[in-house]
1. State which residue is nearest to the chain's Cα centre (by Cα) when the search covers only the stretch 26-77 and only residues that are β-branched (Val, Ile, Thr) and assigned to a strand (DSSP E or B).
2. I need a count of the residues in the stretch 63-84 that are surrounded by 13 or more Cβ atoms within 10 Å (Cβ to Cβ) and in contact with a helix residue (DSSP H, G or I) (Cβ under 8 Å, 6 or more places away or on another chain).
3. Taking residue 62, is it more than 18 Å from residue 39 (Cβ to Cβ) and aliphatic (A, V, I, L, M)?
4. Taking interchain pairs and intrachain pairs at least six residues apart, which have beta carbon atoms under 7 angstrom, with the first residue in the stretch 33-60 and on the phi > 0 side of the Ramachandran plot and the second surrounded by 14 or more Cβ atoms within 10 Å (Cβ to Cβ)?
5. Output the residues belonging to the stretch 85-99 that are more than 21 Å from residue 40 (Cα to Cα) and either touching a helix residue (DSSP H, G or I) at 6+ places or on another chain (Cβ under 8 Å) or at pLDDT 95 or above (or both).
6. Out of everything in the stretch 81-95 that is closer than 11 Å to residue 53 by Cβ and not aliphatic (A, V, I, L, M), what residue ends up being nearest to the chain's Cα centre (by Cα)?
Amino acid sequence: MAVIRKSEKKAVAPEAAKPVEKAPRKRVQKAAPSRKEDVVLQFSGQEWNTAELLEQAKTAYVAEGHRMSSIKTIRLYVKPEEQKAYYVINDKATGSIEL
């Protein structure tokens, strides 16, 4: 039988003595279900798609010499009885488009 002396004991590496740290779990965000939203304004037997009216207002604004990238806010006031939509862009520029 072999006798093990204190000086002959195996040294334990300091890494083995520490508990293993796990990397924090990354949360995976699920993509929101894609949906199409559409608003259609109907008046006196006619109808207009509001998304198309917004695009027409932006195009009219750019045709006046402005840049599309300068648009920060846009408000559209639709007046079917006048057959016009009035727009206000960045609380400064105003104009109108025909319906």
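1. Only one residue fits best here, namely 74.
2. Final tally of qualifying residues: 4.
3. When the stated conditions are applied, residue 62 passes them.
4. Close Cβ pairs (under 7 Å, with a partner that is surrounded by 14 or more Cβ atoms within 10 Å (Cβ to Cβ)) amount to 44/80.
5. 89, 90, 93, 95
6. Top of the filtered list is 87.
The values are calculated or read from the model by the stated rules, or taken from the named source; none is laboratory data. Small disclaimer: the values here were computed from a predicted structure and weren't measured. We place every Cβ from the backbone using ideal geometry, glycine too, and count neighbours over all the protein chains shown.
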